[in-house]
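Reading through the structure tokens given below for one structure.
The values are calculated or read from the model by the stated rules, or taken from the named source; none is laboratory data. Fair warning: this is a prediction, and the values are worked out from it, not measured in the lab. A quick note on method: Cβ atoms are made from the backbone with ideal geometry, for glycine too, and the neighbour counts reach across all protein chains shown. The area values use the complete protein model at the heavy-atom level, side chains included, leaving out ligands, DNA and RNA. Shrake-Rupley method; radii C 1.70, N 1.55, O 1.52, S 1.80 Å.
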Amino acid sequence: MYLSGHRRAMGPTKPCSDMHGRQICVNLVAPTSISAYRRPRLVTRAQVDKADDHAVAVIGRHKPTYKNANFPTDGEGRTYHLGTKEGEVAPRILSVGSVSRALLLSKLLDPPTPGRPLFQRTSSRGFLTITGRYDGEPVSIVSTHMGQPNMDFVVRENRAIVRGQMAIVRLGTCGAVQRPAKLGDLLIAAHGSIAIRRNPDYWTLMDGRESLLRASNSPTRNGTANGTTTTNGNSGAATYGGFSGPKPYMTSLPVPANPQLAALLAAEAAQVVGPDRVVEGLNASADSFYSSQGRTGSDFDDRNEGLLADLVAAHPDLVSLEMETFQLLDLARCSKGSIKAIGMCVALAERYSNAFLEYHKLEELEISGGNAALRALAHVSLDGPSEAEAETLKEREVQYVWN
Ligand code: R1P
Ligand code: URA
């Protein structure tokens, strides 16, 4: 017997095991009556099995047992979030934001041999990996979803199952922050990337700060006496009437891109869309699409009205603003030389004019950018596995899905 929840808009529950082998309940997307979620009820095994008959999908259920809490993999060696194992992912990876972009760009891969379709796997967390060849070279396309934590999963879990040096190119969408970057251009993070983070301490400490300000009643550095500062720039504190306090948004120092991959990608992109549609510069990756990218509104107290202007003043070469490139370049920088990485984005929004790209143009540019990125990936030089690693791989008889 299992205790079913009573939350609104949820179907019946089904027992399954969590990563520690404990029984937990998960929701089934199945028809249910209103009375089913008014109060907790006991569900029998038979009812659960019956409910399963109607189930359309159960998302997020992990059947396998994971062993190592430090870096969980299942009995087959599949990673916890991406669900792939050694031999299924190529050392050359194209990371894209959405599943639809991954599927679209998989059409650019070399045609699979009859009877051997491209390798495709979707993990229980919705990460899609497609592996095939481009210009004869094994490549994988991975849908990374949104935000820096998802890029962290993609880079670390793929690093764990791929041998030898890797190359990762992100093809995303972004906002164009200033000219010369224009709507529909391909913006390459050749100058690296900075991170922008909303700083909750600014709001946490606001009450104390405002009383200090009232007491001192004096204007502030980079701000105003009523505390509506929108100061930005490198980490550090703003001063409020002589007292230090945090700023609402923090920016990191730049992390570099791989210069070889950046140059290859820029050349390939220029071939595909023309040099006047390719802009190389600095990227900024924010921890939100809204406040930390300087999008304003009246529902929240965001204190970000001056964010974009401050960013541009501090970084004259800033061209693109999105949400993942920083994490990719930062991990590549910390990968002990084992990952070459670069990011390129289609300018989907012009932040200085408020224009937004039409959908059909985006798809065309995703294809152009995809071709350029795949060509750069296929042709960048990478060191293969060490001799010792190659020997171990042979002994373990790893099967490669692209062979
Ligand atoms: C926000 O809409 C998403 O679009 C951008 C941002 O980085 C964020 O992931 O990239 P993708 O189009 O690759 O998802
Ligand atoms: N993606 C972002 O993160 N920002 C934009 O402005 C457009 C796409």
Gain in length, VAL398 to PHE71, computed as 0.36 nm per residue apart minus the alpha-carbon separation, to one decimal in nm?
115.7 nm
Enumerate the amide H contacts of ALA90 below 5 Å, restricted to partners 5 or more residues apart or on another chain; note that Pro and chain-start residues carry no placed amide H.
SER140
Ordered by number, the trypsin sites (Lys or Arg not before Pro) in the range 289-368 that occupy a DSSP loop and have at most 12 other Cβ atoms within 10 Å are LYS336
Between the range 284-357 and the range 368-403, how many Å separate their Cα centres?
31 Å
Residue (of VAL398, ALA347, LEU318) at the positive-pole extreme of the range 300-403, dipole from beta-carbon charges
VAL398
Formal net charge of residues neighbouring ASN403 (Cβ-Cβ distance under 11 Å; K, R +1; D, E -1)
+2
Surrounding net charge for LYS394, when Lys and Arg each add one and Asp and Glu each subtract one, Cβ distance under 12 Å:
-3
Using only alpha carbon pairs under 8 Å that are at least six residues apart, calculate the relative contact order of the range 74-135 and give it in whole percent.
39 percent
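Quick one: of LYS67/LYS107; LYS182/LYS336; LYS85/LYS107; LYS247/LYS340, which pairs are farther than 27 Å apart, Cα to Cα?
Going by Cα-Cα distance, LYS67/LYS107; LYS182/LYS336; LYS247/LYS340 fall outside the 27 Å limit.
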Please give, to one decimal in nm, the separation of the simple spin-label points placed at ALA215 and GLU305, each 7 Å out from Cα toward the Cβ.
2.8 nm
Local charge sum around LEU331 (other residues, Cβ-Cβ under 15 Å, Lys/Arg +1, Asp/Glu -1)?
+2
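Per residue, how many Å² of accessible area does the range 303-383 show with a 1.4 Å probe?
40 Å²
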Using a 1.4 angstrom probe with every protein chain in place, what is the largest-first accessible-area order of GLU305, GLU210, GLU387, GLU280?
GLU387, GLU305, GLU280, GLU210
Treat each spin label as a single point 7 Å out from the Cα along the C-beta direction, and report the SER100 to LEU253 distance in nm.
4.1 nm
